[in-house]
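Enquirer: Before anything else, here's the structure in question.
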Amino acid sequence: GALWPGMKPESGLIQTPSTSQHSVLTCTTGLTTSQPSPARYSYSIEASTTNASPVSTSSTVVNISTSAAASISQEYPTYTILGQSQYQTCYPSSGFGVVTPADSNTESTALATTTYSAEKPNAMVPTRPAQRHSSGNGCNSPGIYRTHAAANQKINPNDCSVIVARCLEYVSSNLLLFSTQRVFLWDLDETIIIFHSLLTGSYAQKYGKDPTLVIGSGLSMEEMIFEVADTHLFFNDLEECDQVHIEDVASDDNGQDLSNYNFSTDGFSGSGSNANHSSSVGVQGGVDWMRKLAFRYRRVREIYDKYKTNVGGLLSPQKREALQRLRTDIEVLTDSWLETALKSLLLIQSRKNCVNILITTTQLVPALAKVLLYGLGEVFPIENIYSATKIGKESCFERIVSRFGKKVTYVVIGDGRDEEVAAKQHNMPFWRITNHADLVSLHQALELDFL
C-alpha cells in the first residue's frame with residue numbers, strides 16, 4: 001500500500017516550472033587613449049572581421065590631427081574615427097575561443113572548451129550556478145546536471161581515473177543529442193506495463209479476469225519491487241530524499257573511490273531527524289550529508305548499469321525463478337501487454353535519430369527497481385528515466401525540452417490525464433493508450449513511419 005500513492009496520484013503534484021539559465025561572456029574593450037590632448041586622437045587598427053569569432057591582433061597607434069580627422073569624416077561619413085564600433089570588442093593582446101552547442105537552450109548538450117590568456121585573469125567566465133532548494137535540503141533540491149563530477153571539490157589525485165571516466169561517459173551520452181530528431185516520452189504504469197490496475201483489481205473487472213489471481217500477482221510483484229529497492233538500491237535511506245533524475249545530486253559527489261566504502265556505517269540518515277545519530281553525521285542538507293547522499297545515488301547508478309540486462313544477478317536462485325514465473329503469469333493475465341508495448345519500444349530504439357524517455361509518477365528508486373524487474377533496463381538507460389512524483393509531469397517535460405532542445409519533435413505516449421495535459425501545454429502530440437488495440441495501432445504507425 002505504501003507504493004500506491006506514489007504510483008498514480010490523482011492530484012497534489014507540485015508544479016514548479018524549471019528555469020533555464022544563461023551565462024554571459026563579456027570582454028573589456030581594448031581601446032585606450034594615450035594622449036591627453038583633445039586635439040589629437042588615437043585609434044587601433046584591427047584585422048577585418050567577418051561573422052566568425054573575432055581574433056585580436058597587435059594594435060598600431062596612429063596619431064591624426066584634428067583637421068585631418070575632420071577631412072576624413074567629410075569624405076567617409078560612415079567611418080568611425082574613435083574605434084570601429086561596428087566590430088565586437090576584444091582584448092588587444094589576448095584571445096579566447098568558445099565552443100558551444102548549436103542549441104543554446106539545451107541545458108547539457110556538450111562540454112564547452114574555453115582558453116584564456118594569463119594577461120586577463122579577471123575575465124568573466126560563464127559558469128552555471130548550482131541550484132539548491134531554498135531550504136538547503138538535498139531531499140528537496142531541484143535537478144542539477146553534472147557538468148564535472150568534481151566541480152569545486154577537493155579531488156584526491158588517486159581518484160583522477162574516476163573523474164576521467166565520468167567525463168568520458170558524460171560526453172559519449174550527450175553526443176546523442178546532436179543527432180536526435182524525435183523523442184518519445186513514455187508513461188510507465190498502464191502504458192508499458194500493467195501494475196497499478198492489478199493491485200486495485202480494476203484490470204480484472206475491465207477484462208473479466210479472476211480478481212484473486214490478478215490482485216495476487218500484483219501484490220507479489222510489488223513485494224519484489226520493494227525488496228530490490230530496499231536491499232540493493234538504498235530505498236530505506238533515499239525514500240525521503242527522492243530525486244527527479246539520477247544526476248540531480250551528482251554535483252555534490254567528490255569522486256571518492258567507493259570500492260571499500262561502507263554505506264551501513266557512514267552514519268547517513270535520510271529521515272527528517274538526526275537526533276539519534278552522532279554529530280559526525282552532519283546537518284541534513286550540509287556538505288557532508290549531501291556528499292553521502294550523492295554517493296548512494298552514484299552506487300544506484302552503478303548497480304542499474306551493471307544489472308539492467310540481467311536483473312537475475314541481483315536475486316537468489318529461488319527469487320530468480322519466482323520472478324520468471326511471476327512475469328509469465330502477468331503476461332498471460334494481461335494478454336501479452338508488455339510484449340506488445342516492447343515491439344514499439346524496440347522499433348524506436350533501433351532508429352538512430354530517436355530516443356525513448358520514461359516519465360513516471362513512481363518515486364525514482366522504486367521506478368528503477370520496477371524497470372529492472374520488468375526487463376526494461378536495456379530500453380531505458382538510467383539517464384533517460386525521470387520521476388514526476390515531486391514536480392509533476394509538466395515540469396519534467398520542461399526539463400527534457402531543455403535537455404534536447406526545441407527543434408526536436410516530441411511524441412507523448414500515455415494513459416493518464418496528467419501526461420495529456422502536460423503534452424497539451426507543450427504543444428506535443430499525445431497518443432493515448434487505453435487497451436491492446438491502441439498498442440497495436442501505435443506499432444503499426446511506427447512501422448509505416450507515421451511517427
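The values are calculated or read from the model by the stated rules, or taken from the named source; none is laboratory data. Being a predicted model, the structure only gives us computed values, none of them experimental. Every residue, glycine among them, receives a Cβ derived from its backbone with ideal geometry; neighbour counts consider all protein chains shown. Ligands, DNA and RNA are stripped out before the accessible areas are found, and what is left, the full protein with its side chains, is counted by its heavy atoms. Shrake-Rupley method; radii C 1.70, N 1.55, O 1.52, S 1.80 Å.
Enquirer: With unit charges on the beta carbons (Lys and Arg positive, Asp and Glu negative) and the dipole taken about the Cα centre of segment 172-265, which residue among L185, N236, S259 sits farthest to the positive side?
Expert: Positive-most Cα among the choices belongs to L185.
Enquirer: Rounded if a/c is under 1.5, else prolate if a/b beats b/c, else oblate: with a ≥ b ≥ c from the C-alpha gyration tensor eigenvalues square-rooted, which is segment 376-451? Could the numbers behind the result be given before it?
Expert: Numbers: a/c = 1.45, a/b = 1.41, b/c = 1.03.
In terms of gyration-tensor shape, rounded.
Enquirer: What whole-number value in Å² describes the accessible area per residue of segment 305-373 for a 1.4 Å probe?
Expert: So segment 305-373 comes to 43 Å² accessible per residue, rounded to a whole number.
Enquirer: Moving on. Summing +1 for each Lys or Arg and -1 for each Asp or Glu, what net charge is found among the other residues whose Cβ lies under 14 Å from the Cβ of H436? Spell out each step's value before the answer.
Expert: Working: positive: K206, K209, K343, R432; negative: E190, E331, D335, E339, D415, D438.
Counting the neighbours of H436, the net charge comes to -2.
Enquirer: With r defined as the distance between the Cβ atoms of N262 and T231 and R0 fixed at 25 Å, what FRET efficiency is calculated, to the nearest 0.05?
Expert: Working: r = 16 Å, r/R0 = 0.64.
Once the sixth-power term is evaluated, E becomes 0.95.
Enquirer: For T200 and S350 in one chain, what is 0.36 nm times their gap in residues minus the Cα-Cα distance, to one decimal in nm? Mind showing how you got there, number by number?
Expert: Numbers: separation 150, 0.36 × 150 = 54.00 nm, distance 3.51 nm.
In short, 50.5 nm is gained.
Enquirer: What list of ³J(HN,Hα) couplings, whole Hz, do you get for segment 372-381 from phi and the Karplus terms 6.51, -1.76, 1.60, once you set θ to phi - 60° and write x for glycine and proline?
Expert: With coefficients 6.51, -1.76 and 1.60, one gets 5, 5, 8, x, 9, x, 6, 7, 10, x Hz.
Enquirer: Follow-up. What length, rounded to one decimal in nm, is gained on full extension from V332 through to T434, with 0.36 nm per residue of separation minus their alpha-carbon distance? If you can, show how the numbers build up before the last one.
Expert: Details: separation 102, 0.36 × 102 = 36.72 nm, distance 1.81 nm.
Full extension of this stretch gives 34.9 nm more.
Enquirer: Still on this structure, please answer the following. Find out how many positive minus negative residues lie around I359, taking Lys and Arg as positive, Asp and Glu as negative, among other residues whose Cβ is under 12 Å from that of I359.
Expert: Numbers: positive: K393, R399; negative: D187, D189, E394, E398, D418, E419.
Net charge in that neighbourhood comes out at -4.
Enquirer: Checking the cross-link filter: which aspartates and glutamates have an alpha carbon closer than 20 Å to that of K406, excluding same-chain neighbours under 8 positions apart?
Expert: Result set, ordered by chain and number: D103, E107, E383, E394, E398, E419, E420.
Enquirer: Taking H as built 1.01 Å from N, whose amide H comes closer than 5 Å to the amide H of W431, not counting residues under 5 places away?
Expert: V412, I413, G414
Enquirer: Which entries of K370/K390; K209/K370; K393/K424 have Cα-Cα distances beyond 20 Å here? Don't skip to the end; give the middle numbers.
Expert: Working: K370/K390 18 Å; K209/K370 23 Å; K393/K424 12 Å.
As for pairs spanning more than 20 Å Cα to Cα, those are K209/K370.
Enquirer: Okay, moving on. For the pair S316/K406, report the inter-label distance in nm, with labels modelled 7 Å from Cα in the Cβ direction.
Expert: 5.6
Enquirer: Leaving ligands, DNA and RNA out of it, work out the accessible area of T265 with a 1.4 Å probe and give it in Å² to the nearest 10.
Expert: 100
Enquirer: Then there's this: What does the net charge come to around L315 if you take all other residues with beta carbon closer than 15 Å to its beta carbon, with K and R at +1 and D and E at -1? Provide the component values of the computation, followed by the final result.
Expert: Working: positive: K306, K308, K319, R320, R325, R327, K370; negative: E223, E227, D230, E321.
My count for the surroundings of L315 gives +3.
Enquirer: Need the full-extension length gain, E223 to F450, defined as separation in residues times 0.36 nm minus the C-alpha distance. One decimal, nm. Each step should come with its number before you reach the end.
Expert: Details: separation 227, 0.36 × 227 = 81.72 nm, distance 3.96 nm.
So the chain would gain 77.8 nm between E223 and F450.
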